[in-house]
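The values are calculated or read from the model by the stated rules, or taken from the named source; none is laboratory data. Quick caveat, the model's predicted, so the values are computed rather than measured. For neighbour counting, all protein chains shown are included, and Cβ atoms are generated from backbone atoms with ideal geometry for every residue, glycine included. Heads up: the accessible areas ignore ligands, DNA and RNA and are worked out on the full protein's heavy atoms, side chains in. Shrake-Rupley method; radii C 1.70, N 1.55, O 1.52, S 1.80 Å.
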Protein chains: 2
Amino acid sequence: MDLDPAALLAVAREEAVLGKAEGGVPIGAALFTVDGQLLGRGHNRRVQDDDPSMHAETSAFRNAGRRPHYRDTIMVTTLSPCWYCSGLVRQFTIPHVVIGEAQTFSGGHEWLAEHGVRVTVLDDADCVALMTEFIAQRPELWFEDIGTSS
Amino acid sequence: MDLDPAALLAVAREEAVLGKAEGGVPIGAALFTVDGQLLGRGHNRRVQDDDPSMHAETSAFRNAGRRPHYRDTIMVTTLSPCWYCSGLVRQFTIPHVVIGEAQTFSGGHEWLAEHGVRVTVLDDADCVALMTEFIAQRPELWFEDIGTSS
């Protein structure tokens with residue numbers, strides 16, 4: 001059975017909207033099993049927890065709790081995963097990544113595909129709008145979040 | 001001024017020993033400025049916090065708190081960083097990684113070197129002994145920590 005990627009993305013997008021409402025970086029993620037069970041969901045917590053280590057994907061991964069392996073999981077994220085979060089996917093052999101959009105930022109998703117990860121990019125207009133607005137309004141926070149501020 | 005990598009490693013190794021005493025995965029890390037100021041130190045917290053996202057490097061990174069950038073920092077870790085932690089180093093443009101040993105596990109440090117990161121591997125006997133003993137005693141926990149258990 002193949003799941004509907006848009007339905008999975010809706011959960012991650014809800015997390016991004018929550019993050020925005022909290023004044024944080026509006027990126028959300030969720031970890032599902034390949035048959036659609038939600039294991040964990042989360043959003044970037046840099047602002048909320050003063051925690052630079054909690055990107056959306058790491059937050060969802062943490063909230064999924066300990067597992068012996070991840071070979072039956074799908075990572076869903078509203079934005080192309082940065083190298084940090086791409087490294088998470090590769091290390092834990094997560095076989096499939098669903099990405100809301102890769103227009104406003106392009107991280108390591110092509111590298112993941114080269115290493116055998118199935119990558120689905122959805123070009124979701126709502127995800128693009130969330131990041132476009134955020135980057136215009138809070139560029140310094142965005143650059144801090146991806147480690148590129150001057 | 002070039003710092004003594006062995007002196008930096010001693011801090012990370014103390015963290016690894018703390019993690020071992022707590023019954024956890026005995027890997028430690030510390031983030032310093034290039035002139036030797038300690039910004040944050042930490043150890044793997046999978047067991048202690050039931051948190052799969054807290055590897056030694058991510059723990060030290062978190063404990064360093066928010067920073068606008070990391071171009072003046074050194075990540076020190078007792079073990080070759082896995083893809084997750086190597087991705088952290090690359091994303092945040094940490095220019096130098098000091099590694100206790102890469103014998104018991106080899107992660108992404110060569111990839112980092114290919115991408116311009118200065119990599120110092122020390123072949124520290126105490127770090128090798130910590131991991132050798134741990135892997136022999138708790139193989140299932142080790143494989144869980146690097147996502148390769150069956």
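A compact table of results
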| quantity | calculated |
| --- | --- |
| A:Val11 touching a Pro at 6+ places or on another chain (Cβ under 8 Å), open to solvent by 10 Å² or more (accessible area, probe 1.4 Å) and more than 21 Å from A:Trp83 (Cα to Cα) | no |
| Check on A:Leu3, at pLDDT below 95, surrounded by fewer than 22 Cβ atoms within 10 Å (Cβ to Cβ) and touching a Phe, Trp or Tyr at 6+ places or on another chain (Cβ under 8 Å) | yes |
| Region A:63-94, residues that are out of contact with any helix residue (DSSP H, G or I) (no Cβ under 9 Å at 6 or more places or on another chain) and within 23 Å of A:Ser106 (Cα to Cα) | A:Thr73, A:Thr93 |
| Pairs with Cβ under 7 Å, 6+ apart, first in region B:83-94 and under 16 Å from B:Asp72 (Cβ atoms), second charged (D, E, K, R) | B:Thr93/B:Arg71 |
| Qualifying strands (runs of 3 or more DSSP E) (wholly inside region B:36-150; at least 1 residues being among the small types (Gly, Ala, Ser) and either within 14 Å of another protein chain (Cβ to nearest Cβ) or open to solvent by less than 10 Å² (accessible area, probe 1.4 Å) (or both)) | B:38-43, B:96-101 |
| Within region B:16-35, tally of residues that are surrounded by fewer than 24 Cβ atoms within 10 Å (Cβ to Cβ) and out of contact with any Pro (no Cβ under 9 Å at 6 or more places or on another chain) | 6 |
